[in-house]
Amino acid sequence: MTTHREPKSSVLETIGSTPMVEVHAGPDEVPIYAKVESFNPGASIKDRIGKYMLEQMLEQGDIEPGGTVIEPTAGNTGIGIAIAAGQLDLDAVFVVPERFSVEKQQLMAALGADIINTPTEDGMKRAIDRAHELAEELDNAVVPQQFSNPLNTEAHYETTGPEIYGALDEEVGAIVAGCGTAGTLMGVARYARDQDPEVYVAAVEPEGSLYSRHLGEEPEEGEYKIEGIGTHDPDTNELFDPDLVDEIIQVPDRKAHEEAKRLASEEGQLVATSASAASVAAQQVAAGIKSGEIDAPHDTVATIFPDSSERYLSKGIYRTYEEWEG
Ligand code: PMP
């Protein structure tokens, strides 16, 4: 594990080793610690997979230096891949549904990437198909495909999981994290279960999302404003392994929005709504451990705050609930 005490020769060396900070809204008896991923150079957890996937694909010969990486992405992964591509002599092209935040798209462009927008109503599926069409048209091009690439999960198994266990002296009772691609939760949960098969694992999704279908439930589909987690198309969640998950917690937009404001005003945490949704769910799990409803091997909960609220100011994240565009 790196420390950030010595000078680095590349920004890639500053990825990871993010701090864990207590969430004080949890019960005293069952503290909650959040891994604050906005400390990464691209300000989100996705820097980890950008670096890991590209380095591995270069090593495996899936792509040669000078080639092009094409990815369908909601934004943060684009930033993570763009940073890594720029430092590893690769070009980057991103296919992004229009609804995702303009800040992210501007950052990807600043990092030297090209961006192609697809219509919001066509969903992530269309963005994925378009990325593959483009890759066919080019030589030496690859689609890392974070939604199905095991390297996404592996990045978190190799880095995020061990860092959480190291920071908490191996005493982790529950892991609570949002699922977009599910790479984060799957990597961390797999690492956690390897350390301790009894660790409790909760996935987090917005109310209206369909992840819980993977556990045989029949959630009602609806629109949601929380950005970065959830699914409308469970067939694209190829990394999600229901065997690693005890529970899926649905968080309504309104609660996540309230909690994002509370985390800023009371705890000094400038985090976005996938983080605040995780915070709400982590508090629920901590209360369950405290009351004895949930069996966990330790009285601690680890959660993940994937990115910063600064990226969503233009969408009114700190305005009223009605004004927040999501
Ligand atoms: N939060 C934000 C803001 C994200 O961009 C993402 C990635 N879509 C996630 C959470 C979820 O991470 P994962 O894809 O690893 O499930």
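From the list I83, I63, I70, I128, the lone residue that is β-branched (V, I, T), modelled with pLDDT of 90 or more and within 16 Å of the ligand (Cβ to nearest atom) is I83. Filtering segment 2-21 to residues that are loosely packed, with under 12 Cβ neighbours inside 10 Å and farther than 19 Å from A84 by Cβ leaves T3, R5, E6, P7.
Inclusion of T2 among residues that are of a type in the set (S, T, Y), modelled with pLDDT under 95 and either under 19 Å from H156 (Cα atoms) or in contact with a Cys (Cβ under 9 Å, 6 or more places away or on another chain) (or both) is warranted. When you look at S291, is it more than 19 Å from the chain's Cα centre (by Cα), of a type in the set (S, T, N, Q), open to solvent by 50 Å² or more (accessible area, probe 1.4 Å) and under 29 Å from A192 (Cβ atoms), yes or no? Judged against the criteria, S291 is a match. The set of residues in segment 258-288 being assigned to a loop (DSSP other than H, G, I, E, B), more than 13 Å from the chain's Cα centre (by Cα) and in contact (Cβ under 8 Å) with a residue 12 or more places away in the chain consists of Q269, L270. On the stretch given as segment 296-319, residues that are farther than 21 Å from T184 by Cα, of a type in the set (A, V, I, L, M) and assigned to a loop (DSSP other than H, G, I, E, B) total 1. Of all residues in segment 162-182, those satisfying the criterion of being open to solvent by less than 10 Å² (accessible area, probe 1.4 Å) and assigned to a strand (DSSP E or B) are A174, I175, V176, A177.
Could you look through segment 190-213, keep only residues that are of a type in the set (D, E) and away from the ligand (no atom under 11 Å from the Cβ), and pick out the one that is surrounded by the most Cβ atoms within 10 Å (Cβ to Cβ)? Among those residues, the one meeting the criterion is E207.
One residue stands out in segment 214-235 among those that are open to solvent by less than 50 Å² (accessible area, probe 1.4 Å), assigned to a loop (DSSP other than H, G, I, E, B) and without any contact (Cβ under 8 Å) to a residue 40 or more places away in the chain: the one that is nearest to the ligand (Cβ to nearest atom), namely P219. Of G187, G166, G173, all but one fail to be in contact with a His (Cβ under 8 Å, 6 or more places away or on another chain) and away from the ligand (no atom under 15 Å from the Cβ); the exception is G173. On the stretch given as segment 236-257, residues that are part of a helix (DSSP H, G or I), touching a residue at least 24 places away in the same chain (Cβ under 8 Å) and not β-branched (V, I, T) total 7.
Need pairs with beta-carbon distance below 6 Å; first residue at negative phi and within segment 124-141, second of a type in the set (D, E, K, R); sequence gap 6+ or separate chains. Between residues of segment 124-141 that are at negative phi and residues that are of a type in the set (D, E, K, R), the close pairs are K125/D233.
The values are calculated or read from the model by the stated rules, or taken from the named source; none is laboratory data. All values reported here derive from a predicted model rather than from experimental measurement. Neighbour counts run over all protein chains shown; Cβ positions are idealised from the backbone, glycine included. For the accessible areas, the whole protein counts, side chains as well, though only heavy atoms, and no ligand, DNA or RNA atoms are used. Shrake-Rupley method; radii C 1.70, N 1.55, O 1.52, S 1.80 Å.
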